[in-house]
1. Against the definition (without any contact (Cβ under 8 Å) to a residue 40 or more places away in the chain and in the same structural domain as Pro199 (by TED's automatic domain parsing)), how does Asn273 come out, yes or no?
2. What do you reckon, is Leu496 surrounded by 20 or more Cβ atoms within 10 Å (Cβ to Cβ), in the same structural domain as Val515 (by TED's automatic domain parsing) and either of a type in the set (Asp, Glu) or modelled with pLDDT of 95 or more (or both)?
3. Working carefully through the options Val705, Val671, Val666, find the one that is over 26 Å from Tyr729 (Cβ atoms) and in contact (Cβ under 8 Å) with a residue 24 or more places away in the chain.
4. Scanning region 529-573 for residues that are acidic (Asp, Glu) and over 18 Å from Gly104 (Cα atoms), which turns out modelled with the lowest pLDDT?
5. Ile693 is checked against (1) closer than 26 Å to Arg219 by Cα; (2) in contact with a Gly (Cβ under 9 Å, 6 or more places away or on another chain) and fails just one. What number does that condition carry?
6. Within region 657-678, which residues are touching a Phe, Trp or Tyr at 6+ places or on another chain (Cβ under 9 Å) and among the β-branched types (Val, Ile, Thr)?
7. How many residues, within region 356-379, are over 22 Å from Ala211 (Cα atoms) and small (Gly, Ala, Ser)?
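The values are calculated or read from the model by the stated rules, or taken from the named source; none is laboratory data. Predicted model, so just to flag it, every value in this text is computed and none were measured. Heads up, the Cβs are rebuilt from the backbone with ideal geometry, glycines too, and the neighbour counts pull from every protein chain shown.
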Amino acid sequence: MTVKTFNTILLLFLTSLVFSQVGTNSDDRKEEGRPVKEYNLTLEQREMTLGGVTSKAMTINGQIPGPVLEFTEGDLAIINVTNKMDEETSVHWHGLILPNFYDGVPYLTTPPIEPGGTFQYRIPINQSGTYWYHSHTMLQEQKGVYGSIIIQPKEKTLDYDKDLVVVLSDWTNEKPMNVLRNLKRGNEWYQVKKGTAVPLSRVIKEGALGAQFKFWRDRMEGADIADIYYPAFLTNGKKQADYPEFLPGEKVRLRFINASASTYYWMDFGGGNPMIVSSDGIDVEPISKSRFLFGIAETYDVIVTIPEGTVEITATAQDGSGDTSLRIGQGTLYPARRIDRPDKVEMMKQMAKMDMKMGAPSMVGNKKKNTPEVLMQKYGMKMDMKDGQMNMNDYMSMKDGAMNDKMNMDEHMNHNDQMMQKDTSSFDYNTRKTYFNYDFLKAKENTTYKADLPVNDILLNLTGNMQRYVWSMNGVPLSETDKIKIKGGEVTRITLNNLTMMHHPMHLHGHYFRVINENGKRSPLKHTVNVPPMQKVVIEFYNEEYGDWFFHCHVLYHMMGGMARVFSYDTPRDKRMADYPVQKLIDETDHYYSWGMARLGSNFSELFLTTSNIRNEFGLRAELDYDQNLEAEVNYNRYLNDWVRVYVGVNTETEIPNSYDEFNTVGLVGVKYFTPYRFNVDVSIDHQLRPRIRLDRELLIFPRVFLEGEYEYRIDFGWVNDLENNNSYESETQWLVGASYILSRNFSIQGNYNNRYGWGGGLTARF
């Protein structure tokens, strides 16, 4: 036997040890001969109070989170899900390697569960570890449809005494679709409510006006971290979860699951010598870590040793807007830290110094011109990544899945680990950035694939538009793209390049992938990976499945905004799915949302109504005073890209001042453009050949105070109308300046001066 042959056999053997923990398609998926473990789950709606917040919820067996489902590797899991709600539902088994038909994505792999119906999932269990389940229908997970899965290995691999499942989540008293609608209309209420909005007064006070202008140049308001206001963050359904039954000296395996809809957490341990032993269900080399960033949809298993006292563990929302905690043991408290809020102004300053552009389009107009490579070059980072972050181009060679040994890995890892463990009382922005990579995760064995396997390289830029809340990949939302075809027997390697200011937890159904990091051949296996703002992560997986598999951002509101793809093995569709068109799933991400605003003033009143999906928008604008002057306009808009839309419409207005006796009605065409520095420009011409230009801008100047300005100029050259007194043209100018104070999500008080109607004030209502 040659040395080369021996090394190949050894590599395959070691690789098989790792992958045996998660199962593969080559494992036996037959049901015969397996011990059966059966559960019955019932989904129903009821009012729940969690963390002091009462809301209509969706429960599983009457509880939130749902019950823990426990299995042993080798079992046949039979799970009967009954839907007692008044809408369709589904259940996805997050992280499980399972038959495609039971993956639980409605209309893609699995039939939806109709109201009053029951669906039976049959899953051969060929893996072990910590996993979870949740609805994959619209935003139901946000309202409570989630629970945990624990799979014990055939033979114990870790040394500990007891288990404790810890499910983290976020909780809102709003309907999730109303939350998304509020985000779609560009309302800043959530940031104001959380106290995370950055008004211009603070920017000026802290010397960041130059940085602010750079953000405005790229059509961005400022550095952002999280979108939504949550009144409660939960640990196993409680603000604070207490488990005093654990005794000193016991080793407890804490199985953490982040089941939040849109919240990353900073985890901090007050004691217990925490050792991370597993990530996403896969054992890793144990590492002592008292603080880490916990991405949405990830799982981490941490073993703590109970001291003579109580260990506190806090989970603080990444933007510092709230926290939840866990306490285990009894006696003297070993407190954990509540992580300080990030300094968003300081973040703006640092980002403004980087050689980068922000605001990559979520919708490209010309796909041939704006290729993934062009988008990456135009909007991607052009600076070296420091502070413990990976620079792929500098030290990684991706040839055949192996890493280039140009550097001393151990030395770099030691340096990086020191930075990762660096804690400060303020936990400033630079320190936070050192926690954004996965270099601390090291697989227990070699995870590389055979060097002679063909590799399919794919570049996916993560793109988005906070103004309209549209999310996409390569500037293309799910509703406008085709499936990504992959072939069995190949390795798919994906470069995830984040061109947005938000973190994105990217999840691939039915597969595990290698997250390429400093550990090279022992890069960890995961099913969900965090891609930090303005950075890139490389993942790769071996293609050995069949059917279609969903790949998406696990911030639910980003997924519903279009940041998703379907990976397809291009195999025949399961016959059982014949009555369930995939288009139904795609249409969910291109839903029409409607909203409106009414300005009720002492000088004049206005009404705005809008209904919009990704590309299409219908609008109504009406303005009237108390002297019988009225103008109304309805239009249809088509977005060509993020910033430009063309429209057609009809405008009508009173012809005679202070009288409803005569109206002038015209058809018009125009272009609307959202410019750098965040101005809305509207240029149009009506069928009487009268040009019109409008300009408006809104600006947060104090924590709850917005300044607004509007300008409109019309001109008639007499090309169609006969002008009085033989004039060569007639013109009209209207402008407004005003300020509003936000009272709540739906109401503001406002005052303004309009050159046509004079001074006035009143109430603004949003609905």
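1. Criteria not met by Asn273.
2. Values: surrounded by 20 or more Cβ atoms within 10 Å (Cβ to Cβ): yes; in the same structural domain as Val515 (by TED's automatic domain parsing): yes; either of a type in the set (Asp, Glu) or modelled with pLDDT of 95 or more (or both): yes.
Yes; evaluated as a whole, the condition is true for this residue.
3. Selected residue: Val705, the only one of Val705, Val671, Val666 that is over 26 Å from Tyr729 (Cβ atoms) and in contact (Cβ under 8 Å) with a residue 24 or more places away in the chain.
4. Filtering first and then ranking leaves Asp570.
5. (2)
6. Matches in region 657-678: Val669, Val671, Thr675.
7. Of the residues in region 356-379, 2 are over 22 Å from Ala211 (Cα atoms) and small (Gly, Ala, Ser).
Matching residues to (1) among the charged types (D, E, K, R); (2) outside the structural domain of Glu38 (by TED's automatic domain parsing); (3) in contact (Cβ under 8 Å) with a residue 60 or more places away in the chain:
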site	(1), (2), (3)
Leu98	no, no, yes
Arg122	yes, no, yes
Leu139	no, no, yes
Asn173	no, yes, yes
